[in-house]
Amino acid sequence: MRQTDNLEIVGPNPTGTTNIKIIIGIININMNNWTICDNNFDEYLEKLKTSYHRMENDVEEMKQILQNWRKDKELQELREEIRQLHKNTLLIMTDKEKKEQRAFCDKHYESCKNGGSYTYHLCGTGIGTSIKIECDKCHEIKDITDVDSW
């Protein structure tokens, strides 16, 4: 029995054939009943090694394809999660709208001691949603809509 890398050659057996076993990770490939003449044995061995290394490269390429597919699947799942959030959320404010909302709340915290009681008025326009914020203490209303995001 000779063993080279992950190639194990057993034989020849009593029937005159040689058993060849290629081990690739956890996959075993048995090639039985291959007749190999003693004088060409090294030539056949080199061909098998070349074949084996080609299969190793193919396995690495397949692993890379699988890894990329998994990334694509993860992106698809994240896109679906975002779509569900948009579908099930009443409103998602832009950064500009959040900044306007924060300024309005800070102003009314100082001026009328409003600690967080505000009413939001949302109006669908067909091209976007208009957002107005109202202080529940002094009833001032401000339009904080970011029309650039429409």
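The values are calculated or read from the model by the stated rules, or taken from the named source; none is laboratory data. Note that the coordinates shown come from a computational prediction; the quantities given were computed from them, not determined experimentally. Don't worry about glycine lacking a Cβ; one is built from the backbone with ideal geometry, like all the others, and counts go over all protein chains shown.
Summary of values
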| item | result |
| --- | --- |
| Every pair of residues 6+ apart whose Cβ atoms lie under 8 Å, when the first sits in the stretch 83-98 and is among the β-branched types (Val, Ile, Thr) while the second is assigned to a loop (DSSP other than H, G, I, E, B) | THR94/ASP146 |
| Test: residue in the stretch 102-116 that is in contact (Cβ under 8 Å) with a residue 12 or more places away in the chain and within 35 Å of the chain's Cα centre (by Cα) | no |
| Some residue of the stretch 92-100 being loosely packed, with under 11 Cβ neighbours inside 10 Å and either at pLDDT 90 or above or touching a His at 6+ places or on another chain (Cβ under 6 Å) (or both) | yes |
| Complete set of residues in the stretch 122-138 that are over 17 Å from GLU97 (Cα atoms) and either in contact (Cβ under 8 Å) with a residue 12 or more places away in the chain or over 39 Å from the mean Cα position of the chain (by Cα) (or both) | ASP136, LYS137, CYS138 |
